[in-house]
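Accompanying notes for the structure given below.
Every number here is computed from the coordinates shown, using simple stated rules; none is lab data. For clarity, every value in this text was computed on a predicted model and none was experimentally measured. Cβ coordinates were reconstructed from backbone atoms using ideal geometry, including for glycine residues, and neighbour counts include every protein chain displayed.
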Amino acid sequence: MFDIIKRGHVSPGHGGRDKMMKVLKKYANVTREAVELYKSLCIECQKKRKRRPILSKDFGSRGQVDLVDMQSMASGSYRWIMVYQDHLTKYCVLRPLTSKRAAEVAFQLMDIFLLLGAPQILQSDNGSEFTASVITELTLLWPDLLMVHGKPRHPQSQGSVERVNCDVKDMLTAWLGDNNSTDWPMGLRFEQFQKNSSYHSGIKQSPYKALFGTEVKVGLRSNTLPTEILERMVSEDDLIAAYATPPEDQETADTEEVPDAQLRTIHHNI
């Protein structure tokens, strides 16, 4: 029975109880209890349970890059999406690519690194050879740069950027439908903004706030002034005047909302 259960466990890739029972259903005397007992004692399964996510302690300690295949939806010469994410803050940068050559990926990464800084470790699920080639190209463009490549095919750390890949595809599809467009390279800009300004359950805040320390601003819409005042604004002088002199009708409305008993208390204190 041990050998039979072992084959039923290994053949589906160290599958769980239900997968094992499906493989072993042709054997009459293999019970559910025996299957669960074998799985609880499997050394390889115990190793998987002991794995822990890789944690980053500061911004820029680990950067993750991955490529999303868009060849079935080519827009002009663009056929790929490069996704770069900081492992700590989850802040991501999306760039359209014409190919997945290391030279083109390195050129786009250099532009990001010169803006946000370069990580100590660069990781990609495309393989260690790909990451090493990208770092070599980056060093040619920026001789002072020094970084190492992380382990490829490492689900505990690479899973974060892979989830971003799925989100980007879903959000991009929605944007194209809402705007009746096929220009996904343009849509990437808006989806990057939306992704970074949205709440992230893993870090309990938006990636934008995690990186910059404040929520994202959207022009005048980010302040507390009434909409009717915002719509009349044209210049900086209008904004200064609005903050310096609140409308009289607004002051009157605020006063009228205060109960009489509270007003009497205020007058008594004065």
- Highest mean packing first, using Cβ neighbours within 10 angstrom, the peptides 101-107, 72-78 sort as 101-107, 72-78
- Message: Between F212 and V234, what is the label-point separation in nm under the 7 Å Cα-to-beta-carbon projection?
- Response: 2.9 nm
- By its C-alpha gyration tensor, with a ≥ b ≥ c as the square roots of the eigenvalues, how is the range 62-212 shaped: rounded for a/c under 1.5, else prolate for a/b larger than b/c, else oblate? oblate
- Residues L41, L67, L230, sorted so that the one with the fewest Cβ neighbours within 10 Å comes first: L41, L230, L67
- What order do you get for 110-121, 126-137, 25-36 when each peptide is scored by the mean count of other beta carbon atoms within 10 Å, highest first? 126-137, 110-121, 25-36
- Message: If I model a spin label as a point 7 Å beyond the Cα along the Cα-Cβ vector, how far apart are those points for F107 and N180 in nm?
- Response: 3.5 nm
- Footprinting proxy, R163, R95: sorted fewest to most Cβ within 10 Å, the residues are R163, R95
